[in-house]
1. Sort out which residues of segment 212-229 are more than 20 Å from the chain's Cα centre (by Cα), closer than 20 Å to GLU168 by Cβ and either among the β-branched types (Val, Ile, Thr) or modelled with pLDDT of 90 or more (or both), and write them in order of number.
2. Quick check: is even one residue across segment 235-244 in contact with a helix residue (DSSP H, G or I) (Cβ under 7 Å, 6 or more places away or on another chain), assigned to a helix (DSSP H, G or I) and buried (at least 19 other Cβ atoms within 10 Å of the Cβ)?
3. Being in contact with a Pro (Cβ under 8 Å, 6 or more places away or on another chain) and either surrounded by fewer than 21 Cβ atoms within 10 Å (Cβ to Cβ) or under 25 Å from ILE235 (Cα atoms) (or both) is true for just one of ALA134, ALA118. Which residue is that?
4. Across segment 64-79, which residue is farthest from PRO19 (Cα to Cα) among those that are under 20 Å from the mean Cα position of the chain (by Cα) and surrounded by fewer than 15 Cβ atoms within 10 Å (Cβ to Cβ)?
5. For segment 107-137, what are the residues that are at pLDDT 90 or above, part of a helix (DSSP H, G or I) and within 12 Å of the chain's Cα centre (by Cα)?
Amino acid sequence: MDKKELAAFLRHRREALRPRDVGLVEGPRRRTQGLRREEVAQLAGMSTDYYARLEQQRAPQPSVQITAALARALRLSLDERDHLFVLIGHNAPARFHRSEHVNPPLLRVLDRLDDSPAMVQTDLLDTLAMNPLAVALLGDQTRHPGLASSGYYRWFMDPADRLMVPEENRERHGRAQAARLRAALTSGSDTPRAARILAELQEHSPEFVRMWELQEVAQRYEDCKTILHPELGRIDVDAQLLFTENRAQTLVVLTTRPGTESHSKLELLSVIGDQQLTP
């Protein structure tokens, strides 16, 4: 771990960012250029004291998870992320397999979206980042470990995942999941992981096997879908997509049509967040 170079790199990258670059409000009393240490710490999910000690060359080696969180918080490019990993003393993650590193341009757009649910997903439906309104609508999908982080895996293996989809739509949704997994298996960003998901589902989910045998292939995200919110009920949304160049990550923005009941529900959700309306 190169503490001197790490401290200089962190400080320089922090000072190069403006609050608006990370979705924060730039107040009138800001004296210093760039982000404050406590703002970087908040974005990375660590204590301000620990981050300060990193810049002061006094902290122990961060874990791989904290290193990845720092890269996201500082909006590093892939080259900058790899450099950060080397400075801290870790091997940089592989670029062409599943990575927790969110594409910086997608993350910059996500930071600016506060009136529509939005999230960044991989082509295996791993959710890497969500804005607060998406969490309020869909729950925190970034918390799942291992293969369960894939939405394809959860749909067939976790009954709770189906509660968000009306019963009459579940057959069509399941077939779409199987069809998209087939596309990811042959042309996705992490085909070995797609193969592991396939093997697990073939062994444990007869429903998946039935749908897999239909030989359907699709990369298309559902343009229109109905989400069942536990408090507000049915909410109809349209999906707008923004892809990275290699289509390994997608920014999904969910919108509702003005003047509809669904639009009113989403406006209410933006106020109440993920708090429960009923005891």
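1. THR226, LEU228
2. Within segment 235-244, none of the residues are in contact with a helix residue (DSSP H, G or I) (Cβ under 7 Å, 6 or more places away or on another chain), assigned to a helix (DSSP H, G or I) and buried (at least 19 other Cβ atoms within 10 Å of the Cβ).
3. Numbers: ALA118 fails: in contact with a Pro (Cβ under 8 Å, 6 or more places away or on another chain).
One residue alone meets the criteria, ALA134.
4. Going through segment 64-79, the residues under 20 Å from the mean Cα position of the chain (by Cα) turn out to be 64-78.
From what's left, surrounded by fewer than 15 Cβ atoms within 10 Å (Cβ to Cβ): 64-65, 77.
Working: VAL64: 25, GLN65: 24, SER77: 18 Å.
It comes out as VAL64.
5. LEU110, PRO132, ALA134, VAL135
The values are calculated or read from the model by the stated rules, or taken from the named source; none is laboratory data. Note that this is a predicted model, so its numbers are computed, not measured. Don't worry about glycine lacking a Cβ; one is built from the backbone with ideal geometry, like all the others, and counts go over all protein chains shown.
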